[in-house]
Amino acid sequence: MTPEDTTIAVVGDGFGSLLVYATAIYVGFRPEQIAVYGPTPYAVATYAGHAGNLGQTVLRSESESHFLPADWPTFAQLDAWSRRSPAPLLRSIRRRYNPGLAEILTEARTVEDRLGLRARRIPKRIGWLHRELDPEPHFLIYGEDELLLGRARHVAIALGHGPVSFPRVLAQAREDPELRERIVQAYEPKTYRDGGRYVVIGAGIASVNEWANALEAGAKVISLLRNPAPEEQDLNTPRCFFEAYGIDAFQELTFEQRVAFLGAILKGTSPRRRAWIEIVEEGIAQDRFDQLIGEVDEAKPGPAGLSVHVSSRHGPAPGWLDVTGVVCGTGFVRSCLATPLVRRLVDSYGLQVEDGRLVLRSNCGVPGLDLPESRLCAMGLLANSVVPHGDTIAGLKYIARRFVADCVEAEQLRERPLGSRLRMQLSLARAASGAIRRTRESEQLA
Amino acid sequence: MCPTTLGRIETRVATLFLPVLLATILSIATRDEGWVVTIGLYLMLGVALDVCIYQYLIRWQPPWLTGVLALVEFVLLFVLIKVLQPGQPGFADPNPLPGATDWHPVVLYWVSWCLAIGTKIVVLPLLFLSRIEDGGEFRRTGWTLPPQRRRVPLVAAPRPDPHSTAVAREFSTRFPDPEPHERQPGPAAPS
């Protein structure tokens, strides 16, 4: 395989890669100047898999968080145009609009296809990045098989989330083949049985989805919470932290203050959705849903398939429960060290890690490796000590735009003129709108 | 969005470009400065509201609020026009209550508002990629705090005990050093 020489490389092939690619093309880079490294066939493949397992039908994002390079049209405007209906606009005005999953993934696929991202994919997982300074600063990009795959002047690391996370006791119990299929993560494939008894751990969006899915299948559910009252908030990051007010203030904090702040805002939140509330209320009325406070501290085979012992720091312990299965809405491992490439970079270049987070520069640059003329920029969860909503579509867009702006400056690129930008944006919007029209309309839940 | 005060003012000025153009043409065509003065009053009123009211009252501005603010600003501008009576006789009704000839400033306001909101929604995002993220400000797309402008970790400030840190005590002659000083060459000495 001949190594690919490009100006920009994106290590990781999810949403972040698409946003960097689309923004770079929008401002004037040519497709052959960009390479995206990663094994999945489409930028939405991993997300679609997780969302499918979760039974998710709408995104929590707002109307601006989508995959066209510029902020107009918003997704609500695009949806309204596609369906020839003012309903998305009216919902958006009242802040009751959430992009449908099918619609937004369709848009992402359309943008990807129209901008030729598929041809710029190098379907290999990256194992190592090596900084070279001669004859000019660049990075050597190696696959996990240690083969040199490419060179690039600027690299964005957009690896997405780490592996799914389980409470320690349940992770150990999963090693027992008899119990493995009874302890699952919300993001894994699963089937609920009519009359089954399930414990769903957590109260975030993934867990609430699972309550509804299990109840709809006719099962009984106990929702298990570690703490008595999770905060109720639509988005994990406070709204103004998506924009200048918040991000400017956040970046003024020290790293320790930022980590403490993230610890406070990233705790479990339970968003309200009309349909979920109705399903859960119906479950409560039919004695099929209850909520307990506690943590699983033991698991073993039981008469219903699995027995779990639940203890509580907030009052009497529920004790042993006989259940069909346990579903963990506990998200992903947040430590950056769970990602092999990052762990190798940390080990080899002596990068600083605090509280599981890579200490980055204020431009999301990796200290010691990032140079103005050859950027190494982290995106997504890796970067949320700099951009608090770094792992949302809005946050990825925020970082992608600034990373690409740095590349433009370093390369002294002649930017695409306004007329050409407008044509490109309209052509993408038109194509996306046509594709959205062919999808089944997602039901709004808010 | 969560506009900053600067973002509000910049957006207001930029989005009134087309209304100013329209009002200027109307003023020349009708030989009545009332059109362009009305837009000037609208701009001044808006900036005053941005600086004195909105920045304290509104942090996050949902889309529906933009419509409500347009109505409020319309009422305020109408009152201003009634008080100041810009333009030639006949541009607006001189009576304090709404009258037949008031349609001139009323239509001008709503046409201008539509042009301004169109510019804000469609044109500005294409011109300034990160405008919404930057609180409505026309910043060049960039990081809030470039690494070279990060604060140094320690800034000198008056404190009750100037010798509270180990390094200050070590330098101070008030505290005897445990070992004799090593005499090093001065900074300007040849190495």
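Kindly indicate whether A:D355 is at pLDDT 90 or above and more than 18 Å from the chain's Cα centre (by Cα).
On the way: at pLDDT 90 or above: no; more than 18 Å from the chain's Cα centre (by Cα): yes.
So A:D355 fails the test.
One residue alone among A:E132, A:E181, A:E136 is outside the structural domain of A:G390 (by TED's automatic domain parsing), farther than 25 Å from A:Y42 by Cβ, modelled with pLDDT of 90 or more and surrounded by fewer than 16 Cβ atoms within 10 Å (Cβ to Cβ), and that residue is A:E181. For beta carbons closer than 8 Å, sequence separation of 6+ or different chains, a first residue in the range B:57-77 that is among the basic types (K, R) and a second that is modelled with pLDDT under 85, the qualifying pairs are B:R59/A:C240; B:R59/A:Y245; B:R59/B:C2. The number of residues in the range A:90-119 that are more than 22 Å from the chain's Cα centre (by Cα) and under 25 Å from A:A22 (Cα atoms) comes to 5. If you go through the range A:411-445 and keep only what is of a type in the set (A, V, I, L, M, F, W, C) and in contact with a strand residue (DSSP E or B) (Cβ under 7 Å, 6 or more places away or on another chain), you end up with just A:L445.
Summed over the range A:296-309, residues that are assigned to a strand (DSSP E or B) and either at pLDDT below 90 or of a type in the set (G, A, S) (or both) total 2. Within the range A:391-414, being buried (at least 19 other Cβ atoms within 10 Å of the Cβ) and outside any helix (DSSP H, G or I) holds for A:D391, A:T392.
A:L418 meets each of the listed conditions (1) farther than 16 Å from A:I157 by Cβ; (2) within 13 Å of chain B (Cβ to nearest Cβ); (3) crowded, with 17+ Cβ neighbours inside 10 Å apart from (3).
Out of B:T24, B:T11, B:T38, one residue alone is within 20 Å of B:L115 (Cβ to Cβ) and either assigned to a loop (DSSP other than H, G, I, E, B) or touching a Pro at 6+ places or on another chain (Cβ under 6 Å) (or both). It is B:T38. Figure legend. Inter-residue proximity from the range B:113-130: first residues facing another protein chain (nearest Cβ under 7 Å) and closer than 17 Å to B:G142 by Cα, second residues at pLDDT 90 or above and in a helix (DSSP H, G or I), beta-carbon distance below 6 Å, spacing 6+ or different chains. Indicated pairs: B:L126/A:R421; B:L126/A:L422; B:L129/A:R401; B:S130/A:R401. Annotation note: Cβ proximity below 6 Å between a residue of the range A:24-46 that is at negative phi and aromatic (F, W, Y) and a residue that is surrounded by 20 or more Cβ atoms within 10 Å (Cβ to Cβ) and not in a loop (DSSP other than H, G, I, E, B) (sequence gap 6+ or interchain) occurs for A:Y37/A:V11; A:Y37/A:I122; A:Y37/A:I126. Of the conditions (1) surrounded by fewer than 22 Cβ atoms within 10 Å (Cβ to Cβ); (2) under 18 Å from A:F166 (Cα atoms); (3) modelled with pLDDT of 85 or more; (4) not small (G, A, S), A:E210 satisfies every one except a single condition; which number is it? Result: A:E210 passes all but (1).
Within the range A:376-390, none of the residues are assigned by TED's automatic domain parsing to the domain that holds A:I104, in contact with a Pro (Cβ under 8 Å, 6 or more places away or on another chain) and more than 30 Å from A:T106 (Cβ to Cβ).
Within the range A:121-143, identify whether any single residue is more than 14 Å from every other protein chain (Cβ to nearest Cβ), touching a residue at least 12 places away in the same chain (Cβ under 8 Å) and under 15 Å from A:S65 (Cα atoms), and answer yes or no. Looking for residues that are more than 14 Å from every other protein chain (Cβ to nearest Cβ), touching a residue at least 12 places away in the same chain (Cβ under 8 Å) and under 15 Å from A:S65 (Cα atoms), one finds none in the range A:121-143, hence no.
Rundown of residues vs (1) touching a residue at least 24 places away in the same chain (Cβ under 8 Å); (2) assigned to a loop (DSSP other than H, G, I, E, B); (3) surrounded by fewer than 17 Cβ atoms within 10 Å (Cβ to Cβ), yes/no style:
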{"residue": "A:A48", "(1), (2), (3)": "yes, no, no"}
{"residue": "A:S65", "(1), (2), (3)": "yes, yes, no"}
{"residue": "A:P73", "(1), (2), (3)": "yes, yes, no"}
{"residue": "A:A80", "(1), (2), (3)": "no, no, no"}
{"residue": "A:N98", "(1), (2), (3)": "yes, yes, no"}
{"residue": "A:L105", "(1), (2), (3)": "yes, no, no"}
{"residue": "A:A108", "(1), (2), (3)": "yes, no, no"}
{"residue": "A:E112", "(1), (2), (3)": "yes, no, no"}
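Against the numbered list (1) away from chain A (no Cβ under 14 Å); (2) part of a helix (DSSP H, G or I), B:A92 comes up short only at (2). Checked against (1) more than 14 Å from chain B (Cβ to nearest Cβ); (2) under 22 Å from A:P372 (Cα atoms); (3) among the hydroxyl-bearing types (S, T, Y), A:Y26 passes all but a single condition, namely (1). The residue of the range A:363-384 that is farthest from the other protein chains (Cβ to nearest Cβ), among those that are part of a loop (DSSP other than H, G, I, E, B) and in contact with a Cys (Cβ under 9 Å, 6 or more places away or on another chain), is A:M379. Pairing each residue of the range B:1-12 that is within 12 Å of chain A (Cβ to nearest Cβ) with any residue that is part of a helix (DSSP H, G or I) and of a type in the set (G, A, S), provided the two are 6+ apart or on different chains, yields C-beta distances under 8 Å for B:C2/A:A244; B:C2/A:G246; B:T4/A:A244; B:G7/A:A244.
Determine, yes or no, whether A:C336 is on the phi < 0 side of the Ramachandran plot, touching a residue at least 24 places away in the same chain (Cβ under 8 Å) and either of a type in the set (S, T, N, Q) or buried (at least 17 other Cβ atoms within 10 Å of the Cβ) (or both). Write out each step before concluding.
Working: on the phi < 0 side of the Ramachandran plot: yes; touching a residue at least 24 places away in the same chain (Cβ under 8 Å): yes; either of a type in the set (S, T, N, Q) or buried (at least 17 other Cβ atoms within 10 Å of the Cβ) (or both): yes.
So A:C336 fits the description; yes.
Condition check: outside any loop (DSSP other than H, G, I, E, B) and either among the aliphatic types (A, V, I, L, M) or surrounded by 18 or more Cβ atoms within 10 Å (Cβ to Cβ) (or both). Does A:L360 satisfy that? Taking the combined requirement at face value, the residue does not satisfy it.
The values are calculated or read from the model by the stated rules, or taken from the named source; none is laboratory data. What you see is a predicted model, and the numbers here were worked out from it, not measured in a lab. With ideal geometry, Cβ positions are generated from the backbone for all residues, glycine too; neighbour counts draw on all protein chains shown.
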